[in-house]
Each structure stands twice: as structure tokens, then as C-alpha cells.
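Heads up: the structure comes next, in C-alpha cells.
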Amino acid sequence: MAHAPNVFDFSDVRAYLRAHVEESAALDPEGGVRALARRAALSPGFLSNVLAGRRNLSERSVEALVGGLA
């Protein structure tokens, strides 16, 4: 991703992930929550719930997201 949000500009991980998903979707119609979930090997529903604040990230899901964001 050419213009990925800088993680250091955010104090909330959910805000960072939402910005990343929005930027990804703007650059590629195939991007977005489903694409990030697929790259991170997470359920799109789980990731949507995390972004909405209904679920929390576990250590394993953080590690998976790091891989998906790379």
C-alpha cells in the first residue's frame, strides 16, 4: 500500500485499523475488511466486530494482524 496510515499517528488501534481498511478500500475495490481478514487469516466477522468495538484483540489475533498488514 503506497500511502498506508502511520501507526504512530494513532493512539487507538481500532482507529488505525479503520484508517488502514479505508485506505486499502479506496486504492483497490478488492481491499477492505475482507481483504485484511483474508491476509491475516482471521474471520471477516471477527475483524468487523473488533473495528466496531464489540470484540477485543487477543495476542494471537494481534500477531495475525501484524502479518496481514505487512
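The values are calculated or read from the model by the stated rules, or taken from the named source; none is laboratory data. Being a predicted model, the structure only gives us computed values, none of them experimental. Backbone-built Cβ (ideal geometry, glycine too); neighbour counts: all protein chains shown. We work out accessible area using only protein heavy atoms, side chains counted, and drop any ligands, DNA or RNA first. Shrake-Rupley method; radii C 1.70, N 1.55, O 1.52, S 1.80 Å.
I need a count of the residues in the range 18-58 that are open to solvent by less than 100 Å² (accessible area, probe 1.4 Å), touching a Phe, Trp or Tyr at 6+ places or on another chain (Cβ under 9 Å) and outside any helix (DSSP H, G or I). Number of matching residues: 0. The residue pairs whose first member lies in the range 34-48 and is hydroxyl-bearing (Ser, Thr, Tyr), whose second member is part of a helix (DSSP H, G or I) and open to solvent by 20 Å² or more (accessible area, probe 1.4 Å), and whose beta carbons are closer than 8 Å, counting only pairs six or more residues apart or on different chains, are Ser48/Val33. So Ser61 clears everything in (1) under 9 Å from the mean Cα position of the chain (by Cα); (2) open to solvent by less than 40 Å² (accessible area, probe 1.4 Å); (3) free of Cβ contacts under 8 Å to residues at least 40 places away in the same chain except one condition, right? Which one? Unmet condition: (1). Quick check on Phe8: is it open to solvent by 50 Å² or more (accessible area, probe 1.4 Å), in a helix (DSSP H, G or I) and out of contact with any helix residue (DSSP H, G or I) (no Cβ under 7 Å at 6 or more places or on another chain)? Considered against the rule, which asks whether it is open to solvent by 50 Å² or more (accessible area, probe 1.4 Å), in a helix (DSSP H, G or I) and out of contact with any helix residue (DSSP H, G or I) (no Cβ under 7 Å at 6 or more places or on another chain), Phe8 comes out as yes.
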